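Below is one structure; the comments refer to it alone.
The values are calculated or read from the model by the stated rules, or taken from the named source; none is laboratory data. Everything quoted here is computed from the prediction, not taken from an experiment. So basically every Cβ, Gly included, is an ideal-geometry build from the backbone, and we count neighbours across all protein chains shown.
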Amino acid sequence: MTVTAPPETVAAAPALGRRSRVLLLAAVAACAACGLVYELALLTLSASLTGGGITETSLIVAGFVAALGLGALAAKPLLTRAAPAFVAVEVVLGLVGGVSAAALYVAFTFLGSSTWVLVLATAAIGMLVGAEVPLLMTLLQTGRDTDAADTGKVLANLNAADYAGALIGGLAWPFLLLPAAGLIRGTALTGMVNLVAAAVAALFLLRGHLKPVARAASMLALLVAAALLGTLLVRASDIETTSRQRLYPDPVVYAQRSQYQEIVVTERSGDIRLYLDGDLQFSSRDEHRYTESLVYPALARDPQRVLILGGGDGLAAREVLRQEGVREIVQVELDPAVLELANTKLRDLNGGALEDDRVDVVTADAFRWLRERGGDGFDAVIVDLPDPDTPTLGRLYSTEFYGLVGAALNPGGLMVVQSGSPYSTPDAYWRTVSTVASVGLGVTPYHAYVPSFGDWGYVLAQAGPAPTLALSPSAPPRRFLDDATLAAAAVFPLDRPRRDLEPSTLDRPRIVDDMRRGFER
């Protein structure tokens, strides 16, 4: 049995030479890399803007795969004009993919929602990528009489190039494009690569397959698309700055996208605020309320060796260093960019705490560090991590994590966890309390009012019975927390009663859904 391209295509153009087929497969790899980068960029933005979790990620990936199939079906009428159709698909894909991140970002900041842009971008990119394979299969077989085995070889080569390109794109996005260029510029640069692949195909590989009018139209479209993406590259900083400012009530004085998150500092009338991925971490006007409530109950027994997990802004370390008798602090922070910020723009707030000789700063994932740590235990552990609104953060609020934290405590040691709001996210708060208790620790929940956060909750824990909330007799002077305030902190109103919930685990990160339900109320 022989298999050929559609007869109209065979009659219209000669077969591609071996060299041209190899170069076309290279173009396939480049286009596949671009297609995956676009989808990874959409996933990254979804997580950054809305805290996209498992549900959102699954819907995006499923929608993209479904669109691949629709694109392949939609390409069937184009197979008789495969060459101009392929060039057109790559031009449109380069343009749509190149502007997708900017469009999503602008829609979210100016309209308050980016769902419809995300759906349209996912569908469009998926369909365009899906149309590539049947068009390329037709081009690679044009003018050749092939049997089934040869057709299988062509398909194998095409799939190999496609998957190799996807691998390149999957590595390029997190390790090169995102850290070096950012979301908007990274996708725009990827769009440029798509256009270059289309230009090479139009000018060289498929020159004999394109009529002069089609070739001229292709080049005009390429130039227009390149001009638009070039403008986006030049204006990316302005677009990002203008859009970002609309997300925050105060002027943005510092912004950086690190390997792990977007870091933003705002300031108005002396009020400095830190945001990580859009979530407020502190306001300098009232951070003393949050920090004192977090730190001093854990220092009630005059610890000498203290572990701080998270809290890379240095505010918790500042208060621990004020406590008499503290000889060593181990500060574990994931993001080097946060530590750099703490030692520069936030230094006046934290008093240079992270540069104190008693502080050993470790840049590491808290979960991994606890699993691999050696040496002595700690007299107190302060867990000051961001709220668990993503699966990545949810693992740091799991039974498995708190088991590791408990194992790091010396006998008689105390551990405290910032646990979110018992008012705004009550399920998440009480889930944290239940999860800490699930590892066999006695727990004492308490809360304090922080104006910039609202009613904020914590949980104090130890091996054995529930610990009593108290302050050390040697505690330094404080601005907010005293014995009476701390005693009242253990009392919860009738409309916010204690709840006994199933713990959150690595297998069932229930707390992530708790956070989302709380935010949506």
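From the set of residues in segment 469-489 that are outside any loop (DSSP other than H, G, I, E, B) and of a type in the set (A, V, I, L, M, F, W, C), which is surrounded by the most Cβ atoms within 10 Å (Cβ to Cβ)?
Here the residue is A489.
With the condition being closer than 26 Å to A408 by Cβ, I'd like the helices (runs of 4 or more DSSP H) fully within segment 255-366 carrying at least 2 qualifying residues.
So the answer is 287-295, 315-322, 336-342.
Quick one: how many residues across segment 440-457 are surrounded by fewer than 19 Cβ atoms within 10 Å (Cβ to Cβ) and within 23 Å of F367 (Cα to Cα)?
2
Of everything in segment 371-389, what is buried (at least 22 other Cβ atoms within 10 Å of the Cβ) and of a type outside the set (G, A, S)? Give them in sequence order. Steps first, please.
At the first step, the residues of segment 371-389 found to be buried (at least 22 other Cβ atoms within 10 Å of the Cβ) are 378-384, 387-389.
Across segment 371-389, the qualifying residues are F378, D379, V381, I382, V383, D384, D387, P388, D389.
Can you name every residue in segment 101-138 that is at negative phi, surrounded by fewer than 20 Cβ atoms within 10 Å (Cβ to Cβ) and either in contact with a Pro (Cβ under 7 Å, 6 or more places away or on another chain) or not in a helix (DSSP H, G or I) (or both)?
Correct list: S113 only.
Among the numbered criteria (1) small (G, A, S); (2) surrounded by 23 or more Cβ atoms within 10 Å (Cβ to Cβ); (3) at pLDDT 90 or above, which single criterion is violated by A83?
The one condition A83 does not meet is (3).
What pairs can you find where one residue is in segment 397-416 and assigned by TED's automatic domain parsing to the domain that holds S438 and surrounded by fewer than 18 Cβ atoms within 10 Å (Cβ to Cβ), the other is among the acidic types (D, E) and not in a strand (DSSP E or B), and their Cβ atoms are less than 8 Å apart, with a gap of 6+ or different chains?
N410/D376
Given (1) closer than 22 Å to G186 by Cβ; (2) of a type outside the set (S, T, Y); (3) under 18 Å from the mean Cα position of the chain (by Cα), identify the lone condition not met by L59.
Against the list (1) closer than 22 Å to G186 by Cβ; (2) of a type outside the set (S, T, Y); (3) under 18 Å from the mean Cα position of the chain (by Cα), L59 comes up short only on (1).
Scan segment 43-63 residue by residue and report those that are of a type in the set (V, I, T) and either within 23 Å of Y248 (Cα to Cα) or modelled with pLDDT under 80 (or both).
Residues satisfying the conditions are T44, T50, I54, T55.
Among the residues that make up segment 368-389, is at least one of them more than 20 Å from the chain's Cα centre (by Cα), modelled with pLDDT under 95, among the small types (G, A, S) and farther than 22 Å from G457 by Cβ?
yes
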